[in-house]
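Below: one structure, written as structure tokens.
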């Protein structure tokens, strides 16, 4: 079992998902033909998942507790057929692998391994190319490592971030006050990993690397959650091409994950649900200016009085940004920013109970896809809706799912999802049609 500090950090970890654009119409029209393949389950002992898609293949992975310590596994779908699970290699306590796709069609996996008795850990990577995974290579070695996150841009530049024990502390490997550092590395296309940079303020605090993005100019943006002596918060630092800018506090650490997106042209945005106040729990958005500074937070739900917003998700659109959020116990709403102005919110879906784990995907010249989990009398169910043309079409149910286990990714006309079901690590793929003109 994970140690108490590791479970504490897992509780504040921020979950990431792929971006998508949304329309401004509620679910309408006739029932849509199923776009998702029949879900396939692999490992009943899986505890976390990740996924990535390319034009030619899908990759999903998870951490499995089938043995004495968790191990990282991956499956690949090519030609419509999923491979058998493959251990990615290494020893010790392994995190789930995270994935980034390069423009040449290769996929890089990054995961961590920790050996408590030796008080050492490594960040490892492997590349899938020509039908097989490479031998793992070491990205970093230290006392403890966990919660890796990775991103790549259209040129093949890559950024990775992770959480590590603070130098001189016991970290996760022994007793004592836990203290954690957030570290990052950059790798140019076709090159080697650069030096390791510690991004946090070096004080004794609990932290976890949350997300990383990188624009087409190679400028990386890393966020992390920090448990402080005052209100918990989410922080961000940006690599401007020459150095890392100072850390900026962008959001409180509320009841649901914070999502941060980086656009290819360098723009960035975040959505989050603020902690409960006299005005309820309001979903908010915050945008990064071209100079790297952040504007003030804007409430997405503008209804008067006290409101209760649940999970929120963010998307990059051709015209700007879009955000979806759960409102009250029975609805999912969408609000788009076109140019410099946020448009009015529109109800997208009326749910029977509070929706969570919102994940949205869009790719040019393909249907938009929305996924979420929703409690029912029979347990938590994973649901999906698609938008072709002007309207969102009725939902498709993919089966049972553990809350906040969903990870999705996509390329034009194709999507892949991975989640934890009762049967374990489960995957499904979707081939979507071009939108109606």
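Bear in mind that the values in this text are calculations on the coordinates, not laboratory data. Model, not experiment: these values are computed from the prediction. We place every Cβ from the backbone using ideal geometry, glycine too, and count neighbours over all the protein chains shown.
Here are the numbers for the structure shown:
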read-out	value
Separation of the residue 66 and residue 104 label points, Cα + 7 Å toward Cβ, nm	3.2 nm
Contour minus Cα-Cα distance for residue 279 and residue 343 (0.36 nm per residue)	20.9 nm
Highest to lowest packing among 97-105, 155-163, 416-424, scored as the average C-beta count within 10 Å	155-163, 416-424, 97-105
Compactness of segment 4-431 - radius of gyration and Dmax, Cα, Å	20.2, 62
Whole-percent pair-distance distribution, where bins are 5 Å wide, for the alpha carbons of segment 226-349	2, 11, 21, 23, 19, 14, 7, 3, 1, 0
For segment 67-149, convex hull volume per residue from C-alpha positions, Å³	93 Å³
Packing-based exposure ordering (other Cβ within 10 Å, fewest first) of 400, 265	265, 400
Exposure proxy order (Cβ contacts within 10 Å, fewest to most) of 114, 179, 83, 384	83, 179, 384, 114
